[in-house]
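One structure is given here, and the rest of the page talks about it.
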Amino acid sequence: MRDLFYDRARGIGMFLLVLGHVFPKESNVFAAIFSFHMPLFFLISGMLLNQHKERGLKDIFSKTSISYSFFLIVGLCLLFIRILIGDFTLYRGGRNFIVECIYNIGPDAGMVGSIWFLPILGISQIMALWLYKMKTKNFVKYRFYDVGVLALLAIASMYLIAFLPGVFRIRTIFTTTLFVYAGLNWSHFIKKRIDAVHHKRLCLFLIIPFWFYISLLNGNVNIASPVYNNYFLFVLGALSGIVMVFLLSKFDFMNFSTFWGKNSLIIFATHGIWLYVFRKIWSYFNFAFPMPSDCFYLLVSLSIILLCIPTYYFFRPLLAVYKTKMMKLR
């Protein structure tokens, strides 16, 4: 039976993701959401990976490459449309164009959501699973091993191989692996502790202001770049935000978010289409209206979230056919 806990949590994460992409980067809402929304998805992927520990390198690589190549093709098609309508001001030189096309198609590039997370997720899952199996195959003190692994991943995230070009996202991989490994290693413990909370409203009342304060104290962070500012505050803010979402997901009224959680992959990779459309509309009418308010950003976010429903039903059969054909080729 499918565990709705994960679908609710991912659904809440998707709402916050759209909200974070709509609000301007200088806003407090942007800083608060970006403090934890990607760590949330990577931690959940690790918790789900715990249920399929028998998966091997080939399975993970196959699933990742098929999904990534599909949305890359979609992104390139939409990027071509953008070029045809004359909106090509973002790129300065051939190298930037190639990098954006192949690796970083995002809301500001090809009109689809950033798909950088797909190859990063695949690599992180492989690394986390290998580290986990190394622990179970060798005679080591589990607690010391886990602490050592997390410490090494954190140090690598901050310092190791920082001189390589950002396109390789080496430091990002270490950070995402940290959260995937934490989810994989402590999946049952996390679920058990969340289920054991009896006063969820009181806990939320305490943790929400703490998370918001830490996120604003640390400033804007972005795993994709990566920008962490103070790494300790980054991890603390990410964990407090994740706990907040997990507590919210235990409420029955959050059942409505399960659709976006179950179908988070397609929504994640396509919500930027509507984000781009709304931005173009606003830029066209901007001269006639004052600067938008928070209510305006909330309304746009809600509109995009609702428009993601027909978008999902449009892309779902295309992705299914693509997966079938790609599997036959293999």
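The values are calculated or read from the model by the stated rules, or taken from the named source; none is laboratory data. Only a predicted model underlies this, so the values are computations on that prediction, with no experimental measurement involved. Positions of Cβ are backbone-derived with ideal geometry, glycine not excepted, and every protein chain shown enters the neighbour counts. Surface accessibility is based on the protein's heavy atoms, side chains included, excluding ligands, DNA and RNA. Shrake-Rupley method; radii C 1.70, N 1.55, O 1.52, S 1.80 Å.
Just name the residue that is surrounded by the most Cβ atoms within 10 Å (Cβ to Cβ) out of those in the stretch 279-308 that are in contact with a Ser or Thr (Cβ under 9 Å, 6 or more places away or on another chain) and modelled with pLDDT of 85 or more. Selected residue: C308. Applying the set (1) open to solvent by 50 Å² or more (accessible area, probe 1.4 Å); (2) closer than 18 Å to S240 by Cα to L160 leaves exactly one unmet item: (2). Just one of the listed residues (F117, F139, F144) is modelled with pLDDT of 70 or more, aromatic (F, W, Y) and over 29 Å from F278 (Cα atoms), and it is F144.
Conditions (1) of a type outside the set (A, V, I, L, M); (2) in a helix (DSSP H, G or I); (3) open to solvent by less than 40 Å² (accessible area, probe 1.4 Å); (4) within 19 Å of I173 (Cβ to Cβ), marked per residue:
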| residue | (1), (2), (3), (4) |
| --- | --- |
| I33 | no, yes, yes, no |
| M38 | no, yes, yes, yes |
| G46 | yes, yes, yes, yes |
| K58 | yes, yes, no, no |
| S62 | yes, yes, yes, no |
| I66 | no, yes, yes, no |
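Close Cβ contacts (under 6 Å, 6 or more residues apart or on different chains) running from residues in the stretch 297-317 that are closer than 23 Å to K25 by Cβ to residues that are open to solvent by 70 Å² or more (accessible area, probe 1.4 Å) comprise I304/W274; L307/W274.
Of all helices (runs of 4 or more DSSP H) completely enclosed by the stretch 143-244, which ones contain at least 1 residues that are among the basic types (K, R) and more than 17 Å from the chain's Cα centre (by Cα)?
187-195, 200-218
Is it true that some residue in the stretch 227-238 is under 17 Å from V29 (Cα atoms), surrounded by 13 or more Cβ atoms within 10 Å (Cβ to Cβ) and polar (S, T, N, Q)? No, the stretch 227-238 contains no residue that is under 17 Å from V29 (Cα atoms), surrounded by 13 or more Cβ atoms within 10 Å (Cβ to Cβ) and polar (S, T, N, Q).
Report yes if F259 is open to solvent by 80 Å² or more (accessible area, probe 1.4 Å) and within 30 Å of H198 (Cα to Cα), otherwise no.
Values: open to solvent by 80 Å² or more (accessible area, probe 1.4 Å): no; within 30 Å of H198 (Cα to Cα): yes.
The answer is no for F259.
Can you find a residue in the stretch 230-246 that is of a type in the set (S, T, Y) and at pLDDT below 85? There is no residue in the stretch 230-246 that is of a type in the set (S, T, Y) and at pLDDT below 85. Scanning the stretch 318-330 for residues that are of a type in the set (D, E, K, R) and in contact (Cβ under 8 Å) with a residue 24 or more places away in the chain yields a count of 2.
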